[in-house]
1. Which value, in Å², gives the accessible area per residue of the chain when a 1.4 Å probe is used on the protein heavy atoms?
2. Out of residues 5 or more away from Arg103 or on other chains, whose amide H comes under 5 Å of its own, with H placed 1.01 Å from N in the peptide plane?
3. Going by a ≥ b ≥ c, the root eigenvalues of the Cα gyration tensor, does the range 24-132 fall in the rounded group (a/c under 1.5), the prolate group (a/b larger than b/c) or the oblate group?
4. Just name one of Gly21, Gly62, Gln96: the one whose Cα is farthest towards the positive end of the charge dipole of the range 12-164 (beta-carbon charges, Lys/Arg +1, Asp/Glu -1).
5. Placing unit charges on C-beta atoms (Lys and Arg positive, Asp and Glu negative, everything else neutral), compute the dipole magnitude of the chain about its Cα centre in debye, rounded to 20.
6. Can you classify the range 1-76 as rounded, prolate or oblate using the Cα gyration tensor, where a ≥ b ≥ c are the square roots of its eigenvalues, rounded means a/c under 1.5, and otherwise it's prolate if a/b beats b/c and oblate if not?
7. Once the dipole of the range 1-131 is set up with Lys and Arg at +1 and Asp and Glu at -1 on Cβ about the Cα centre, which of Ala115, His87, Ala51 lies farthest towards its positive end?
8. Filter the trypsin sites (Lys or Arg not before Pro) in the range 53-91 down to the DSSP loop ones having no more than 16 other Cβ atoms within 10 Å, then list what survives.
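The values are calculated or read from the model by the stated rules, or taken from the named source; none is laboratory data. Bear in mind that the values here come from a model prediction, so they are computed numbers and not experimental data. Here the Cβ is made from the backbone with ideal geometry for all residues, glycine too, and neighbour counts use every protein chain on show. Heavy atoms of the whole protein, side chains included, go into the accessibility calculation; ligands, DNA and RNA do not. Shrake-Rupley method; radii C 1.70, N 1.55, O 1.52, S 1.80 Å.
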Amino acid sequence: MPLRDDRRLFEMLILEGAQAGLSWETILNKRRAYRAAFDRFDARRIARYDARKIHRLLADSGIVRNRLKVAAAVTNARAFLAVKKEHGSFAAYIWQFVGGRPRRNARRSPRQVPARTAQSDAMSRDLRARGFKFVGSTICYAFMQATGMVNDHLVTCFRYRQIR
């Protein structure tokens with residue numbers, strides 16, 4: 001479903017980055033622990049995390065304890081706040097990559113669903129230029145799918161018609 005709530009968008013961006021190289025099921029199983037460990041994805045709080053807090057996060061078995069991914073969450077919180085300040089909301093900024101409304105694809109087979117697109121390439125480039133980490137094009141496309149920016153449900157799926 002199309003998502004425009006800044007906190008939820010931030011949560012999805014962090015979780016998509018954490019998922020890199022892992023199964024999405026692993027991250028879904030850890031989602032509750034992520035919410036607790038990362039202050040319910042309050043970007044203002046996360047942006048203030050210091051070395052001691054990061055050390056505690058790296059000891060938390062409920063989350064993926066990858067130093068680069070944890071550090072990226074802090075870096076991304078700071079960049080997220082800068083984008084909000086510049087654009088009024090993160091949603092206003094991020095939705096520009098699809099012209100402000102969901103792209104509706106008409107895939108008939110899972111093989112037709114790409115791992116990346118020109119839009120996810122552009123999003124990735126712009127996010128990286130703004131200092132975000134773990135935002136490669138494939139991660140950005142998964143983020144776009146998860147937040148309803150693109151509808152890649154197969155045309156035979158009941159969700160495809162519901163999301164119109």
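1. 55
2. When sequence neighbours closer than 5 places are left aside, the close amide H contacts are Val150, Asn151.
3. Oblate is the answer for the range 24-132, as a/c is 1.5 or above yet b/c matches or exceeds a/b.
4. Projecting each Cα onto the dipole axis, the largest value belongs to Gly62.
5. 160
6. oblate
7. After comparing all options, I get Ala115.
8. On the way: sites: Lys53, Arg56, Arg65, Arg67, Lys69, Arg78, Lys84, Lys85; in loops: Arg65.
Answer by residue number: Arg65.
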